[in-house]
Amino acid sequence: MFRTYLAVVGAGVLLAAQMPRPTRPEVPKSLQAPAGEEVLLVAHAKGTQIYKCKAGADQKFTWALKGPEAELKMVAKEDAPKVEAPKPGAIPWLLLKAVSHTGEGIFSRVTSIQRIHTEGGLPPEANSCDASARDTESNSAYSADYYFYEAPTPKNAAYRKSQKPHTLNRHPPTLA
């Protein structure tokens, strides 16, 4: 199981409950959130993808993703932008499913997350990871847009209105 933790800019999250609900972006079918899920919030991330040089089961060295470290800033948009194809030289677009949550805030309702509009973030050149670089970490700058989805329920609208700053969960869900 892959766990991802993103640093969240608190002030932006506080605005999420008051923003108009964004629309789904146009993405390939394989990246579409499940039918019925609604966009909860949209954030732009800027940070690094952290890679670690490790020996695999076959004893060949490779750069393995340790995880991202990024700040999220809320995107105050009502409508999703027209999505273009992933850029060459960028980490792939993803659709992730939340498998567990901690806390009681806005992220506790997240069921799926899309990572799109990526730039950068690729691992270093493969030949730079060998026995002499074992356990070395490398940071690769990246940016992306994240769409956080929630399952539709009659309580969603009322819950969103009732959010107080002290109830926001600053810990995004564990992702698969």
Here is a check on your reading of the model: is Glu71 acidic (Asp, Glu), surrounded by fewer than 15 Cβ atoms within 10 Å (Cβ to Cβ) and at pLDDT below 90?
no
Given the conditions (1) farther than 19 Å from Pro34 by Cβ; (2) in a helix (DSSP H, G or I); (3) at pLDDT below 85, report the number of the one that His171 does not fulfil.
(2)
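One line per residue, one yes/no per condition, for (1) exposed (fewer than 14 other Cβ atoms within 10 Å of the Cβ); (2) closer than 16 Å to Lys73 by Cβ; (3) in contact with a strand residue (DSSP E or B) (Cβ under 9 Å, 6 or more places away or on another chain); (4) not acidic (Asp, Glu):
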| position | (1), (2), (3), (4) |
| --- | --- |
| Phe107 | no, yes, yes, yes |
| Leu122 | no, no, yes, yes |
| Ser128 | no, no, yes, yes |
| Thr153 | yes, no, no, yes |
Which one is farthest from the chain's Cα centre (by Cα) among residues in segment 51-68 that are surrounded by fewer than 16 Cβ atoms within 10 Å (Cβ to Cβ) and under 30 Å from Phe107 (Cα atoms)?
Ala64
Pairs only if they're at least six apart or on different chains, beta carbon under 8 angstrom, first in segment 43-70 and more than 13 Å from Ser132 (Cα to Cα), second among the β-branched types (Val, Ile, Thr) and assigned to a loop (DSSP other than H, G, I, E, B); list them, first residue then second.
Ala43/Val75; His44/Val75; Gln49/Ile91; Gly67/Thr4; Pro68/Thr4
Checking the condition at pLDDT 95 or above, out of contact with any Asp or Glu (no Cβ under 9 Å at 6 or more places or on another chain) and among the hydroxyl-bearing types (Ser, Thr, Tyr), which residue from Thr4, Thr48, Thr62 passes?
Thr62
Among the residues of segment 95-128, the number that are assigned to a loop (DSSP other than H, G, I, E, B) and closer than 30 Å to Thr153 by Cβ is 5
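The values are calculated or read from the model by the stated rules, or taken from the named source; none is laboratory data. What you see is a predicted model; the values in this text were computed from it and never measured. Positions of Cβ are backbone-derived with ideal geometry, glycine not excepted, and every protein chain shown enters the neighbour counts.
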